[in-house]
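Just below is one structure, and these are the notes that go with it.
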Amino acid sequence: MSQLNRLARGGRIDRSRKLSFTFNGKRYQGHAGDTLASALLANGVDIVNRSFKYSRPRGIVAAGAEEPNAVVQLGKTEAGQVPNVRATQQALFDGLEARSTNGWPNVQRDMMSLVGKLGGKFMPPGFYYKTFMAPASMWMTYEKYIRKSAGLGRSPMESDPDIYDHLHQHCDVLVVGAGPAGLAAALAAARSGARVILVDEQEEMGGSLLDTRELLDDKPADQWVAEALKELAGLDNVTLLPRTTANGYHDHHFVTLHERRTEHLAETAPLKDGRRQVRSRMHRVRAGRVVLATGAHERPLVYANNDVPGNLLAGAVSTYVRRYGVVPGKRLVLSTSNDHAYRAALDWLESGHEVVAIADARANPDGELVEQARARGIRILPGSAVIEAKGENRVSGARVAKVDLDGFRVAGAAETLDCDTIASSGGYSPVIHLASHTGGRPTWRDDIFGFVPTLVKGVSAAGGAQGIYATGEVLADGVEAGRQAATEAGFSAASVSLPEVAVRRDGAAVGLFQVPHEKPTLRAPKQFVDLQNDVTAAGIEVATREGFESIEHVKRYTAMGFGTDQGKLGNINGMAIAARLLGRSIPEVGTTVFRPNYTPVTFGAIVGRHCRELFDPERYTAMHQWHVEHGAEFEDVGQWKRPWYFPRKVNGKTETMHEAVARECLAVREAVGILDASTLGKIDIQGPDAREFLGRVYTNKWAKLAPGRVRYGLMCKDDGMVFDDGTTSCLGENHFLMTTTSGGAATVLEWLELWHQTEWPELDVYFTSVTDHWATMTVTGPEARKLMAELTDIDLDKDAFKFMDWREGSVAGVPARVFRISFTGELAYEINVQANYALHVWEKLFAHGEKYGLTPYGTETMHVLRAEKGFIIAGQDTDGSVTPEDLGMQWAVGYDKPFSWIGQRALTRPDTARTDRKQLVGLKPRDAKVVLEEGAQIVFDPNHAIPMPMVGHVTSSYYSPTLDSGFALAVVKGGQQKMGETVYLPMADGQVHEAEIVSPIFLDPKGERQNV
Amino acid sequence: MFYIHCPYCGELREEEEFHPKGQAHIVRPADPAACSDDEWGDYLFFRDNPRGIHHELWVHAVGCRKFFNITRHTVTYEILETYKMGEQPRFTAEHPEGRPSQDGVDPASLREGVRA
């Protein structure tokens, strides 16, 4: 393939290094130093995509981050797929494979352009919804095909082999953008000694200086760039980050930088010394001061058919010619509102190609560049603009006419010029995205026809980012910004001598956004505002006519500024058009808010190393390895890994969960079982006021709990709703051990600290988390006492060591605290030992327990056993709207305690005193084989017309091997007064289950089994 | 992400170390039983949502575990000061530039280091 648009000389590419790549399956060649976009243009590839909505052919428009069309899917392998890469930002490497993200079956011959034609003269906003909604039942079918042919890219279906890092950094001065302003700012700040990070999103630092016609100290500008970068690279206090985009500016100068380290080399990171390199880094920078030197984006003009391939930004034309040695056509027409764009015509001409004409919207263009163009014999059409492009798959001509800007009308007959490229420039928009992330609403400036950023303290904008465009002034502004940032950060100002730049006399620009057409906007050929989202000037007009007057509403109705583009090219034009239609000024209409990220960031970069086993910390108990070796299936409880059940192999077949749980349950009820309960939260509470404190945070009484005794308690918030429960043991007069739910440990500790530190600092009490220090094993079942007797010196006599007592002693030769607490309803001993002795004790218990049938059980069996006894799990049977009274636990409420404990006052509010509140009950399915679904809604009358009044829901439901029946806990309105009544549970599949309201205690209501 | 000066640790730390706990200076009525339902409801459920200076309760959850207060501007998110429990804010809606100093401390110096 020949590179038909490649110049023989010039540009910053290395012609000696040829790189081959494929686009949409076709092989091409480019050079080192190319972007994918410049290489495609060099090869004369006009159509790079199909548009999102109308499926029109689209070509490359820009040369940087603002490119809306050339958004491609990258990747040869499945794992290497990357969607939404802008071809203008992707460096070419040998073997690169890319394809269009839109277009089905392909971009050249597209099915959907038919839809665009079927849709009539124009598809208004909401077209798909309005057109394809009837009949409503067909929408799903339409949608499938519309989606197939629309959409932007796809994600890989295989896992990513690459490595991504997060780096946390601090610096005194962060400079974003390494064009003239950024380089000057970095030099000024760095010379003062400040720690400086300089980031730039492009392959090379230098920004506009890499393709400017201007000389610095009478030398090509890139020489000054090289010198500046050499100095910065040699300074220890400077970090240079090329190929790095500052994507998000968050609170308090926290800036996220996405550094692409290998994406210019290969699809996945190449190996270095046998190891895979890091593909990208996310730098999380906390900056002292920030200088935004992000430059400006050129605005295209909005004229008819301005989306046909061959319509480019004027500045992009210069960049392709001067930086990449590519002329993207033969015959150019330039349409401009300002002087600066003339350089595109001059660069084009100097490359040896024809400039057909320059249509200048100003009546009397007279700046220096205009004179130069005139002197070269270029035809200049004053007071004119390109009003319409001709051609379908490539520009074939430009209709140019005199325009009356104030009257918004075409003022003369149009002339059709023969050309293959139209460059346009409507002026420049400062890149204010990062400043906008900080919340500052930008300010419109009529003198530059652009929004400049409103900045929070500690951040400044320099050069193009605040509307300063003349190179000499930009450099000076950069130095000043760098110096000021360093000074504010506490460093003394350093001197930077600036290179000489000839001052250019520019004529005044005019404000031109949408170009008038002979036909009214709604009947003229499409005039595109947002190319990526196919938003036209007519679409904005329709939106305003339909009453969307706020720019935020216009944006959402038309989708302007959506997608990966985020309105970089289109937003200002769109606002200007809305302003004209609404008869307001641009600042009155205002702008929409730019949000992070500036350009798309891959998930890999965001996630870093926080994936798979490092996604979240995992907590293991001291007996974890034993559980693994004994085949436990695990369940996540918060960050804990808890044994769920212990399936056994029976006749070579592994038990199902149902079989294992039934066996484990019966072992506890008939012999003895053991549970690793180490994950229970444990809080050590000490101090003379510990007892008083407990009385205030628990609903029940603590004044008389003697050392050696244990009590169950409920904790409410001050709204009277239960939020945690557990037992607390009195270890000494001023010393208690509180247990919490496994998931609630940290929350409860913070809750206790909150009340102590903010409301009752006068109470002398201290809280320490001891969850990890003590391992807990529950030995429970009728044989528990016999087993314990073999291993402990504690007197286990049922009168000496009663239910709800605790004793200190040794178990298996290890100092232990043993608690007679039961969460199963059986005789139970909870053995607490120092965690590092726990495995020894656990194994000893098994050595002695085998003859008693000691069976390890997991959380599932624990749930069945506790639910059979009606013991609640806070957070499962309660949900933040359940009072102790709703649970029927008045026995755990100290109504007459002297201090108004947390939650007490709320229990007398009218709403909490209602008798028809949802109350905890048991449910017995009429069909014993049915296990009701947790979360299932309950109704009193299944024949009631829909919507049926829902009166509660199932909170816990299991099969009980002891009862040989399904059973459930539920909350039902007024349920405590409805014992024996029938409720109904209509299911999604049409079945209706019947159940009887019963006591939530299904087994041993008097508690005789645990008291033996 | 905020950068928060813990008045107990005396250092600026990342927001990840802290938990916000809502509006500061909400005092639990000394005698809840004497409150009307409305008064109790106000204490439980009603909070200010000012545009501007706001006093917030935070906890250095994975640091020193201490609760403290932050004066924060809800528009700019600037943190004007952090102060210990029991202390009064210097920056308030009435005195956005800082109350006149009682003890000779320049308000500006207090702001140093805790500024956004």
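The values are calculated or read from the model by the stated rules, or taken from the named source; none is laboratory data. Fair warning: this is a prediction, and the values are worked out from it, not measured in the lab. Every residue, glycine among them, receives a Cβ derived from its backbone with ideal geometry; neighbour counts consider all protein chains shown.
For residues in the stretch A:52-83 being hydrophobic (A, V, I, L, M, F, W, C) and in a loop (DSSP other than H, G, I, E, B), which is surrounded by the most Cβ atoms within 10 Å (Cβ to Cβ)?
Of everything passing the filter in the stretch A:52-83, A:Ile60 is surrounded by the most Cβ atoms within 10 Å (Cβ to Cβ).
Taking the conditions exactly as written (at the interface with another protein chain (Cβ under 10 Å from one of its Cβ atoms), in a loop (DSSP other than H, G, I, E, B) and surrounded by fewer than 17 Cβ atoms within 10 Å (Cβ to Cβ)), does B:Gly86 satisfy them or not? If you could, list the steps in order and put the result at the bottom.
Working: at the interface with another protein chain (Cβ under 10 Å from one of its Cβ atoms): yes; in a loop (DSSP other than H, G, I, E, B): yes; surrounded by fewer than 17 Cβ atoms within 10 Å (Cβ to Cβ): yes.
Spelling it out, B:Gly86 is indeed at the interface with another protein chain (Cβ under 10 Å from one of its Cβ atoms), in a loop (DSSP other than H, G, I, E, B) and surrounded by fewer than 17 Cβ atoms within 10 Å (Cβ to Cβ).
Just to be sure I understand, how many residues within the stretch A:625-640 are farther than 20 Å from A:Gly875 by Cβ and outside any strand (DSSP E or B)?
The qualifying residues number 8.
Mind listing whichever residues of the stretch A:423-445 are under 23 Å from A:Asp360 (Cα atoms) and either within 14 Å of chain B (Cβ to nearest Cβ) or without any contact (Cβ under 8 Å) to a residue 24 or more places away in the chain (or both)?
Passing the criteria: only A:Arg445.
Every residue in the stretch A:973-1005 that is within 43 Å of the chain's Cα centre (by Cα) and surrounded by fewer than 22 Cβ atoms within 10 Å (Cβ to Cβ), please.
Kept after step one, since they are within 43 Å of the chain's Cα centre (by Cα), are these residues of the stretch A:973-1005: A:973, A:984-993.
A:Lys973, A:Tyr984, A:Pro986, A:Met987, A:Ala988, A:Asp989, A:Gly990, A:Gln991, A:Val992 - these are the residues of the stretch A:973-1005 that are within 43 Å of the chain's Cα centre (by Cα) and surrounded by fewer than 22 Cβ atoms within 10 Å (Cβ to Cβ).
For A:Gln904, indicate whether it is of a type outside the set (D, E, K, R), free of Cβ contacts under 8 Å to residues at least 60 places away in the same chain and over 25 Å from A:Arg669 (Cβ atoms). Before you say what the answer is, go through the steps one by one.
Working: of a type outside the set (D, E, K, R): yes; free of Cβ contacts under 8 Å to residues at least 60 places away in the same chain: no; over 25 Å from A:Arg669 (Cβ atoms): yes.
No: the conditions fail for A:Gln904.
If I filter the stretch A:867-891 down to residues being crowded, with 18+ Cβ neighbours inside 10 Å and in a helix (DSSP H, G or I), which single residue comes out as nearest to the other protein chains (Cβ to nearest Cβ)?
Among those residues, the one meeting the criterion is A:Ala867.
If I ask for residues that are farther than 15 Å from A:Ala314 by Cβ and over 46 Å from the mean Cα position of the chain (by Cα), which ones from the stretch A:373-390 would you list?
A:Arg374, A:Ala375, A:Arg376, A:Gly377, A:Arg379, A:Leu381, A:Pro382, A:Gly383, A:Ser384
Going through the stretch B:58-73 one residue at a time, which ones are under 12 Å from the mean Cα position of the chain (by Cα) and more than 7 Å from chain A (Cβ to nearest Cβ)? Walk me through it before giving the result.
Filtering the stretch B:58-73 down to residues under 12 Å from the mean Cα position of the chain (by Cα) leaves B:58-59, B:67-73.
Those that are under 12 Å from the mean Cα position of the chain (by Cα) and more than 7 Å from chain A (Cβ to nearest Cβ): B:Trp58, B:Phe68, B:Asn69, B:Ile70, B:Thr71, B:Arg72, B:His73.
Could you name every one of the strands (runs of 3 or more DSSP E) located completely within the stretch A:718-819 that has at least 3 residues being hydroxyl-bearing (Ser, Thr, Tyr), farther than 26 Å from A:Glu618 by Cβ and at pLDDT 95 or above?
The qualifying strands (runs of 3 or more DSSP E) are A:722-732.
Within the stretch B:33-54, can one find any residue that is part of a strand (DSSP E or B), at the interface with chain A (Cβ under 9 Å from one of its Cβ atoms) and hydrophobic (A, V, I, L, M, F, W, C)?
The answer is no, given that none of the residues of the stretch B:33-54 is part of a strand (DSSP E or B), at the interface with chain A (Cβ under 9 Å from one of its Cβ atoms) and hydrophobic (A, V, I, L, M, F, W, C).
From the list A:Val107, A:Val115, which one is crowded, with 19+ Cβ neighbours inside 10 Å, farther than 22 Å from A:Ala389 by Cβ and at pLDDT below 95?
A:Val115
Would you please name the residue that is surrounded by the fewest Cβ atoms within 10 Å (Cβ to Cβ), looking only at residues in the stretch B:1-26 that are outside any strand (DSSP E or B) and facing chain A (nearest Cβ under 10 Å)?
The extreme case among them is B:His25.
Restricting attention to the stretch A:892-919, which residues are more than 14 Å from chain B (Cβ to nearest Cβ) and touching a strand residue (DSSP E or B) at 6+ places or on another chain (Cβ under 6 Å)?
Result: A:Ala892, A:Asp916, A:Lys918.
Select from the stretch A:901-915 the residues that are at pLDDT below 95 and not in a helix (DSSP H, G or I) and write down the one among them that is surrounded by the fewest Cβ atoms within 10 Å (Cβ to Cβ).
Once the filter is applied, the top-ranked residue is A:Thr915.
Under 7 Å between Cβ atoms, which residue pairs at least 6 apart in sequence (or on different chains) link something in the stretch A:229-258 that is surrounded by fewer than 17 Cβ atoms within 10 Å (Cβ to Cβ) with a partner that is outside any helix (DSSP H, G or I)?
What qualifies is A:Ala233/A:Leu240.
Mind telling me which of the residues A:Arg275, A:Arg286 ends up being surrounded by fewer than 21 Cβ atoms within 10 Å (Cβ to Cβ) and touching a His at 6+ places or on another chain (Cβ under 8 Å)?
A:Arg286
Each row is one residue, and each column tells you yes or no for (1) within 21 Å of A:Val327 (Cα to Cα); (2) surrounded by fewer than 16 Cβ atoms within 10 Å (Cβ to Cβ).
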position: A:Arg362; (1), (2): no, no
position: A:Pro365; (1), (2): no, no
position: A:Ala373; (1), (2): yes, no
position: A:Gly377; (1), (2): yes, yes
position: A:Val395; (1), (2): yes, no
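Could you please find all residues in the stretch A:737-753 being within 9 Å of chain B (Cβ to nearest Cβ) and within 17 Å of A:Val722 (Cα to Cα)?
Passing the criteria: A:Ala746, A:Leu749, A:Glu750.
Please work out if A:Leu614 is at pLDDT below 95 and either within 29 Å of A:His166 (Cβ to Cβ) or not hydrophobic (A, V, I, L, M, F, W, C) (or both).
Answer is yes for this residue.
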